[in-house]
Structure formats: structure tokens, C-alpha cells
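Novice: Handing you a structure now.
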Amino acid sequence: QVQLVESGGGSVQAGASLRLSCAASGRTTSNYRMGWFRQAPGKEREFVAAISRAGGSTHYADSVKGRFTISGDKAKNTMYLQMDTLKPEDTAVYYCAASAGWGIGLGPQHYGYWGQGTQVTVSS
């Protein structure tokens, strides 16, 4: 069992940066693949970024590639999403997710554990 808690969201101007954190408890995250998803009002939850077990592989949605960076700190059992050059279209609730699977999980169906979400609002 894994419990996930996101933090770091907020309201910023376009072009600014934010770093989201996902603190995991219950099991060490090095045994889990993890990911970030987001959901804007009236839209489906969409994939943002993912990292494999032990952080060997990462993958990004085209819309955030080059601007967002996913990483993990094993010692702190925490995953991060560094978001740079934010755009208004990045506005959404951001969720972290984890699963015991191998490789990269690109869809919500690949994850069994979810955080409660953190709001990111980017104004123009």
C-alpha cells in the first residue's frame, strides 16, 4: 500500500516556474513506477510525465516536453515535477500516481495509487 501526497501548486503568471512534490509513504518508491497526470475543468485526466522504477527512464507528453522535468529522490521517497515556462494551458489539478508495474505507464489505467491533487493556475 502506498500513500501519495502532492504539494507545491499555486497561482503564477505565464512564464514562471513551479516545482510539484509527491511524497510517498508506506512503501519505498524505488519499487514503483510513478507518473504525473493533470485534469483541467471539463476535460479528461491526461498524462504529463512518467518515470520508471529507480528512475532509469522518463517520458513526457509532447505538450510539456522541454519545459517539465520529472525526477525522484530515493532518500526522501519523493517525486518531483519541475515546471518551467508555464503557460495558461497548463492550468489544471495535477495528480501523482504510482504502481508496482515495470516500464513506463502512460495511461491512468496503469496506476493503482493516486494522490489527492494540487491546483496549478497560470494566468496570462
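The values are calculated or read from the model by the stated rules, or taken from the named source; none is laboratory data. Please read these numbers as outputs of a predicted model, since none were measured by experiment. Please note: Cβ atoms are built from the backbone with ideal geometry, for glycine as well, and neighbour counts cover all protein chains shown. Keep in mind that these areas ignore ligands, DNA and RNA; they rest on the heavy atoms of the full protein, side chains included. Shrake-Rupley method; radii C 1.70, N 1.55, O 1.52, S 1.80 Å.
Novice: Working out 0.36 nm times the residue gap between S25 and T58, then minus their Cα-Cα distance, what length gain in nm do you get to one decimal? Working shown, then result.
Specialist: On the way: separation 33, 0.36 × 33 = 11.88 nm, distance 2.18 nm.
In short, 9.7 nm is gained.
Novice: Once the Cα atoms of segment 67-112 are picked out, what are the Rg and Dmax in Å?
Specialist: Expressed in Å, the Cα Rg and Dmax of segment 67-112 come to 12.6, 34.
Novice: Here's another thing I want to ask about it. For the chain, what is the charge dipole size about the Cα centre, in debye to the nearest 20, if Lys and Arg each add +1 at the Cβ and Asp and Glu each add -1 at the Cβ? Don't jump to the answer; show the numbers that get you there.
Specialist: Details: 12 positive and 8 negative charges, 61 e Å.
In total the dipole reaches around 300 debye.
Novice: Whole Å is fine, so just give me how far the alpha carbon centre of segment 55-92 lies from that of segment 11-25.
Specialist: 9 Å
Novice: Restricting attention to segment 19-110, which GluC sites (Glu not before Pro) occupy a DSSP loop and are surrounded by at most 14 other Cβ atoms within 10 Å? Could the numbers behind the result be given before it?
Specialist: Details: sites: E44, E46, E89; in loops: E44.
Filter output for segment 19-110: E44.
Novice: What does a probe at R67 reach in segment 36-54, counting residues whose amide N is under 15 Å from the point 7 Å along Cα→Cβ?
Specialist: Backbone N within reach: 38-40, 47-49.
Novice: For the chain, what is the accessible area per residue in Å² when the probe is 1.4 Å? The partial results should precede the final answer.
Specialist: Working: 6030 Å² over 124 residues.
With the other protein chains kept in place, the chain gives 49 Å² per residue.
Novice: Moving on. Between W102 and A40, what FRET efficiency follows from the Cβ-Cβ distance if R0 is 35 Å, with the result rounded to 0.05? Intermediate results must be reported in sequence, preceding the final value.
Specialist: Details: r = 30 Å, r/R0 = 0.85.
So the FRET efficiency works out to roughly 0.70.
Novice: Let me ask something else. At 0.36 nm per residue, and after removing the present C-alpha to C-alpha distance, how many nm does the segment from S7 to A75 gain when stretched out fully? Spell out each step's value before the answer.
Specialist: Working: separation 68, 0.36 × 68 = 24.48 nm, distance 1.79 nm.
Between S7 and A75, full extension yields an extra 22.7 nm.
Novice: List the relative contact order of the chain as a percent without decimals, with contacts defined as Cα pairs under 8 Å and 6+ residues apart. Mind dumping the intermediate values first?
Specialist: Numbers: 329 pairs, mean separation 44.4, N = 124.
After rounding, I find 36 percent.
Novice: Sticking with this structure for a sec: For the chain, give the percent of accessible area contributed by carbon and sulfur heavy atoms, probe 1.4 Å, rounded to a whole number. Could the numbers behind the result be given before it?
Specialist: Details: 2940 of 6030 Å².
Carbon and sulfur: 49 percent of the exposed surface of the chain.
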